[in-house]
Number of protein chains: 2
Amino acid sequence: MHHEQHLQSSDTIRDIVIGMSDGLTVPFALAAGLSGAVNSSGIVITAGIAEIVAGSIAMGLGGFLAGRTEADHYASELKREYEEVEKVPEQEKAEVKEVFAAFGLSEKLQHEVAEEMAKDKDKWVDFMMRYELGLEEPKANRATQSAITIGVSYIVGGIIPLSPYFFIADSTQALYYSCGITMICLFVFGYFKSKVTGQPAIKGALKVLLIGALAAAAAFGMAKLINGQH
Amino acid sequence: MHHEQHLQSSDTIRDIVIGMSDGLTVPFALAAGLSGAVNSSGIVITAGIAEIVAGSIAMGLGGFLAGRTEADHYASELKREYEEVEKVPEQEKAEVKEVFAAFGLSEKLQHEVAEEMAKDKDKWVDFMMRYELGLEEPKANRATQSAITIGVSYIVGGIIPLSPYFFIADSTQALYYSCGITMICLFVFGYFKSKVTGQPAIKGALKVLLIGALAAAAAFGMAKLINGQH
C-alpha cells in the first residue's frame, strides 16, 4: 500500500508563525538600532513596547478585517453563483466545460461531466466556487481566532528581545544579552517553523536567523548614522 | 451575452498593499507613541528610521525567502508526482477519481475522466499539482520582485508619518501634523486598496483608517504609561 504524505500546517500554527516571525524580528531590530544611538534602556523599552503594541494591533486587527472581508466576499460570490445557475444555467454549464477543457478532457467527456454536475445544484455551485473562482469557504470565527493568535504571538515574540533592557540600565550592554537570547530564539523558532511546514529544518532555522540578524544590523547602522546628524 | 467580472489584483499590487499597509501603520504608531513619551523629534526620527529599516528588511527578505521556499517546494512535489505517475499509475488514477468523486460525479464518469487524463502525463501531473495538492506554479523571479516591491512600499509608507518630525523639533507638535497627513494617506490608500480588491471603497478606507488610528492611540497610551515608570 502506497501512502502520500503532504504536510499541511494548521491555520493556528500558520498564525503563530506569522505573528512570532515579525515579533521576534522587528522589535529586536528596533531595540538594537536604538541601543546604538540613545544609550538609555528606558527609551529602548518605551520605543520597544510602543512598537509591540502598534505591531500586534496592526497585524492582529489587519488579520481580523482581512478575514471578515474574505468571509463577506465568499458569501456574496456564493449568492451570485446560486443566482446564476438558476438564471443562466447553460452559461454556467459552459463554464464547467471550460474548467475541464483546461484539464485536456475531450468534448464528449466535458459535456457529460457538465450535465451530471448540473443535477445537484449545491455541488455544482461548490464546484464553481472552488475551481472557477478559486475560493474556499472560510471557517466560522476564523477571523477572530486568527487576529488573537497573530497578535499574541507578536507580543510574545517581541517581549523576548526586549527583556534584557528591563534589567540592565545601560542599553549597549543590554543589547549583547538581547542579541544572544534573540538569536537562540530565532534559531529555535526557525527550526520548528521549518519542521511544521515540512522544510529542511537546519536550513530553515538559519534563514530565519539571517533575516533577524540582517534587520538588526541594518537598523543599528542606520540609527548610528542618523544620530550623528541630530 | 453574459459576462462575469471577478476582480483579481495582480501580484505586484498585492505586494504594494502588503508593504504599504504595515508601513503606513506601524512607524506611524511608533512615532505617535514615542512623541507622547520622549518629547524630542530627534529620538522619534532615530527610532522611526530604525523601525522602517528593520520592518522593510524583515518583510522584504521574509517575502523573498518565503517565495524561494515555495518555489523549492513546488519543484520537489512536481518531481515526485512525475515519479508517481510512472511508478504507481493506478494509485494516481485512483487519486484523480477521488477528486472527481468529491464533485459528485458518478463512478463511470470518474473512471472515464481518469483514463483520459492518464493519456497526457504533463496534463495529468499538472492536474494533480493543482487539485490534489493545491499548488500553483510560482512565477520565475517572483521572489526577488516580491521582496523589492514589499520592502520599497514599506519604506514609502513609513516615511510619510515620519516626515513632519524632520521639520518640527517639538515632537508633540510634529505629532499633530503626522496624524493629519497619515490619516489622509491611510484613507486614500484604503480607498484604492478596496477598489483594487473589489471591496466597497469607502467602507474599506474607513477600516484601514481605523486600524492605523487604533494602533497609534494604543501605542501612544502605552508609551505614556511606561514613561511614567522610568
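Rule-based calculations on the coordinates, nothing more; no lab input. The shown structure was predicted, so the numbers you read here are calculated from the model rather than taken from an experiment. Ideal geometry is used to build each Cβ from the backbone, glycine not excepted, and the neighbour counts take in all protein chains shown.
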Taking 1 over the mean of 1/r across every pair of different Cα atoms in the range B:146-217, what Kirkwood radius in Å do you get? 13.1
Any idea how many Lys pairs in the range B:2-228 come in under 20 angstrom at the alpha carbon, given 8 or more places apart or on separate chains? 24
What translational D, rounded to a whole number of µm²/s, comes out for the range A:85-125 from Stokes-Einstein when the hydrodynamic radius is the Kirkwood one over Cα pairs, at 10 °C and 1.306 mPa s? 157
Only helices counted: for the protein assembly as shown, with every DSSP H run of 4 or more residues adding -39500 (n - 2.57) and the sum spread over all residues, [θ] at 222 nm is -28500 deg cm²/dmol
Please work out, to two decimal places, the log10 of the ratio I(q)/I(0) at q = 0.14 Å⁻¹ from a Debye calculation in which every Cα of the range B:1-129 carries one identical scatterer. -0.83
With θ set to phi - 60° and the Karplus curve 6.51 cos²θ - 1.76 cosθ + 1.60, what are the ³J(HN,Hα) couplings of the range A:21-36 in order, to the nearest whole Hz, using x for Gly and Pro? 4, 6, x, 6, 8, 5, x, 4, 5, 5, 4, 4, x, 5, 4, x
Dipole magnitude (debye, nearest 20) for chain A, charges at Cβ of Lys, Arg, Asp, Glu: 1320
Taking R0 as 30 Å, what FRET efficiency do you get between A:Ile202 and A:Arg130 from their Cβ-Cβ distance, rounded to the nearest 0.05? 0.25
Any idea what diffusion coefficient chain B gets from Stokes-Einstein, in µm²/s, Kirkwood Rh on alpha carbon pairs, 20 °C, 1.002 mPa s? 102
What ratio of Cα Rg to 2.2 N^0.38 Å holds for the range A:57-151? 1.37
Sort shortest first the distances from B:Glu137 to its counterpart in every other copy, using label points 7 Å along the Cα-to-beta-carbon line, and give them in nm. 3.3
With angles folded into 0 to 90 degrees, how steeply does helix A:171-196 sit against the dominant principal axis of chain A? Use alpha carbons for both and round to 10. 20
Using DSSP loop states and a limit of at most 16 other Cβ atoms within 10 Å to flag GluC sites (Glu not before Pro), what is the longest stretch of chain B containing no flagged site? B:5-135
Short version: ³J(HN,Hα) in whole Hz for each residue of the range A:93-106, in order, from phi by Karplus 6.51 cos²θ - 1.76 cosθ + 1.60 (θ = phi - 60°), x for Gly and Pro, what are they? 4, 4, 5, 4, 4, 4, 4, 6, 4, 5, 7, x, 7, 5
Could you state the angle between the C-alpha long axis of helix B:107-117 and the longest principal axis of the C-alpha atoms of chain B, as a value from 0 to 90 degrees rounded to the nearest 10? 80
In whole Hz, with x marking every Gly and Pro, tabulate ³J(HN,Hα) for the range A:56-72 from phi via Karplus 6.51 cos²θ - 1.76 cosθ + 1.60, θ = phi - 60°. 5, 5, 4, 6, x, 5, x, x, 4, 5, 4, x, 5, 4, 4, 5, 4
Using only Cα atoms, find the angle between the long axis of helix B:142-167 and the longest principal axis of chain B, and express it within 0 to 90 degrees, rounded to the nearest 10. 10
Of A:Val99, A:Val208, A:Val17, which has the largest mean-square fluctuation in a 10 Å C-alpha GNM of chain A? A:Val99
Tell me the Kirkwood hydrodynamic radius of the protein assembly as shown in angstroms, computed as one over the mean inverse distance between distinct C-alpha pairs. 24.1
